[in-house]
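Each remark here refers to the structure printed beneath this line.
The values are calculated or read from the model by the stated rules, or taken from the named source; none is laboratory data. All of these numbers come straight from a predicted model, not from anything done at the bench. All Cβ positions, even for glycine, are placed from backbone atoms using ideal geometry, and neighbour counts span all protein chains on display. Heads up: the accessible areas ignore ligands, DNA and RNA and are worked out on the full protein's heavy atoms, side chains in. Shrake-Rupley method; radii C 1.70, N 1.55, O 1.52, S 1.80 Å.
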Amino acid sequence: MDLNDDAPAVAPEQGGSVAEELAYRLRQQQLAAEFGHFALRTHDTAALLQEATRVCALGLQSKFCKIMEYLPDERQFIVRAGVGWRPGIVGEARTGADVASPSGYAFRTGESVISNHLEEETRFRTPAILVEHGVKRAVNVLIQGECSRFGVLEVDSPTEGRFTQADLAFMQGFANLLGVAIERQQAEEALRTSQQQTRASETLLQEALAHQEVLTREISHRVKNSLAIVAGLLSMQGRAAADPALKRALDDARARVQTIASVHDRLWRADEIHAVNLAEFMDELCEQLRSSAKPGQTLTCDFAPVTVATDQAVPLGLLANELVTNAFKYAYPEGAGDVRISVGPGEAGHLRLTVCDQGAGLPPDFDAARSKSLGMKLIASLGRQLGGQPEWQGAEPGTRFVLDFLPQPGANHES
């Protein structure tokens, strides 16, 4: 159980509009996925920890974040990385690690702690650092690898408000990812030290490399599991919602999160850390979309035998999800109809994504740039992430969407 002071999973209508809430949760998962890729690339532990605090503060829209490493000899924490704190805190400040403090409790018990009203907190003492910086609410989660506990990840805010169970799911998944990344870097450092001292045997090297491969897979696996937690929370909120429009919005958000999770599922199941087999990945996504289609709706797919960089697979999968879902929803008001999606070689080394239908066509006053819908904004944003310019065309009958994008370096583009 997670220790928190009456902080249930917030429903979107409790904190701003549904669109704002869904965009906020989707942004958290994009940040977690991007950090996972950063963690795979960096070999600098200090840079890893500092980037983790920066990204986690962005994810919870908070001013302060810090990582506290446990020092066994001193039986206390040192603030190893952080953002928002005055000079002299990061790298120097120490705090208690006993169960009377929120961070100490999280570290000792493994239970996360949410404190939304620090001035009224009776369970723990409020650390002096938080008082000094005017912090009003905080959330602490354990950072743990496969073999040991590193410390605690803490996000703090000087504003009134509430950290929620969905925020906690994001932070716990983020801390799990960080714990594995730290352990991977510690294994690499131990290997480098061993090589410098003894130029040890080939067997030791192979064992270390194999261990690194396992940890790399574990990072992707944990990201996928964290995304599944958020998708589950959205599904629960959807079942509890009485408003049909809210139910549809929550189901759309769940589908978006599951699309991101499918990328990490492929990373975990196959040797695709840096690149994804486009045809296999998109075929799996199409099967998911077919399962959610109405009777009479069909989806025809055609994907070139190429690979795309993992950093491009996430926005490409999300974009395909948005376009196909929108086509089924708006092109065929009566329900039945076919949607076609393809990705193949374009001009000048580009790949071309095409989604088309034979339905009602675009409204006379359609202007994608002026649309206020979350779906259209996501389509525009994802197109920019891929480095292309989305283009909507009349297909007579129906609608055609086209996006040309250049594969990132490292992808295998067979024209």
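For the listed residue pairs Lys224/Lys294; Lys329/Lys372; Lys247/Lys294; Lys329/Lys377; Lys224/Lys247, the alpha carbons are over 20 angstrom apart in Lys224/Lys294; Lys224/Lys247. Within the stretch 93-181, the proportion of C-alpha pairs whose separation exceeds 18 Å stands at 41%. Residues of the stretch 342-358 falling in the label zone of Ala293, defined by backbone nitrogen less than 17 Å from a point 7 Å along Cα to beta-carbon, are 342-343, 354-358.
Fully extending the segment from Glu34 to Arg108 would add 23.7 nm, taking 0.36 nm per residue of separation and subtracting the current Cα-Cα distance. For the stretch 144-186, the solvent-accessible area works out to 28 Å² per residue, with a probe of 1.4 Å and every protein chain left in place. Length available on full extension from Glu396 to Glu92: 0.36 nm per residue minus the Cα-Cα distance, which gives 102.7 nm.
Ignoring ligands, DNA and RNA, what percent of the 1.4 Å accessible area of the stretch 76-175 is carbon and sulfur?
Values: 1910 of 3770 Å².
After summing per-atom areas, the C and S share lands at 51 percent.
Cα centroids of the stretch 23-85 and the stretch 331-351: 39 Å apart. So if we plug the beta-carbon distance of Ala240 and Ala190 into 1/(1 + (r/R0)^6) with R0 = 41 Å, what FRET efficiency do we get, rounded to 0.05? Result of the calculation: an efficiency of 0.25. A cut-off under 15 angstrom between Cβ atoms defines the neighbours of Ala360, and their net charge, with Lys, Arg +1 and Asp, Glu -1, is -3.
Taking all protein chains as they are arranged and a probe of 1.4 Å, the heavy atoms of Asp98 leave approximately 60 Å² accessible to solvent.
If you put +1 on each Lys and Arg Cβ and -1 on each Asp and Glu Cβ, how big is the dipole of the stretch 122-193 around its Cα centre, in Debye rounded to 20?
On the way: 8 positive and 9 negative charges, 52 e Å.
The calculation lands at about 260 debye.
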